[in-house]
1. Does residue 114 satisfy being within 17 Å of residue 62 (Cβ to Cβ), in a helix (DSSP H, G or I), out of contact with any helix residue (DSSP H, G or I) (no Cβ under 8 Å at 6 or more places or on another chain) and in contact (Cβ under 8 Å) with a residue 12 or more places away in the chain?
2. Would you confirm whether any residue within the stretch 92-100 is more than 20 Å from residue 25 (Cα to Cα), in contact (Cβ under 8 Å) with a residue 60 or more places away in the chain and in contact with a strand residue (DSSP E or B) (Cβ under 8 Å, 6 or more places away or on another chain)?
3. Report, by residue number, each residue of the stretch 82-102 that is in a strand (DSSP E or B) and surrounded by fewer than 17 Cβ atoms within 10 Å (Cβ to Cβ).
4. Out of the residues in the stretch 35-66 meeting the condition of being part of a loop (DSSP other than H, G, I, E, B) and modelled with pLDDT of 90 or more, tell me which one is nearest to residue 18 (Cα to Cα).
5. Name every residue in the stretch 117-152 that is loosely packed, with under 13 Cβ neighbours inside 10 Å, in contact with a strand residue (DSSP E or B) (Cβ under 8 Å, 6 or more places away or on another chain) and either at pLDDT 95 or above or closer than 16 Å to residue 60 by Cα (or both), in order of residue number.
């Protein structure tokens, strides 16, 4: 069986310096690009506002933090996940995160290099194969919806 994890980051109402929100959603099995309502129920989901306006947060930081959250969840739950699945695919609409972690693109910003290195280190700790994959934004509706929930809750 495969775990499919959707990740997203959001900075609203401005990028940079808006509210920074992150989310990831874990599904058991292969999941197509269908809309959220047509997907099976997630086995785990997490979302949060990680920064208030003015904190210097950017969309790229939020995208990295969402992937990092998913990797932390995998590390914590690897013993359970390894029993039930033989691969993991982490999907994100951030081509920058996917390409930088893979080493296909240079990471010029020091603060993003820290996130990239941390993600690489966490990937090396997971005992089942994990693949990061870029997807178009419209296929990431489930994680995007949760970042917007985090944003609305933070503004309330």
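The values are calculated or read from the model by the stated rules, or taken from the named source; none is laboratory data. Every value quoted in this text rests on a predicted model; they were computed, and no experiment measured them. Positions of Cβ are backbone-derived with ideal geometry, glycine not excepted, and every protein chain shown enters the neighbour counts.
1. When the stated conditions are applied, residue 114 does not pass them.
2. Within the stretch 92-100, not a single residue is more than 20 Å from residue 25 (Cα to Cα), in contact (Cβ under 8 Å) with a residue 60 or more places away in the chain and in contact with a strand residue (DSSP E or B) (Cβ under 8 Å, 6 or more places away or on another chain).
3. Passing the criteria: only 87.
4. Step one: filter the stretch 35-66 for residues part of a loop (DSSP other than H, G, I, E, B), giving 35, 39-43, 52-58.
Keeping just the survivors that are modelled with pLDDT of 90 or more gives 52-53, 57-58.
Working: 52: 7, 53: 4, 57: 7, 58: 8 Å.
This residue is 53.
5. Hit for the stretch 117-152 is 133, nothing else.
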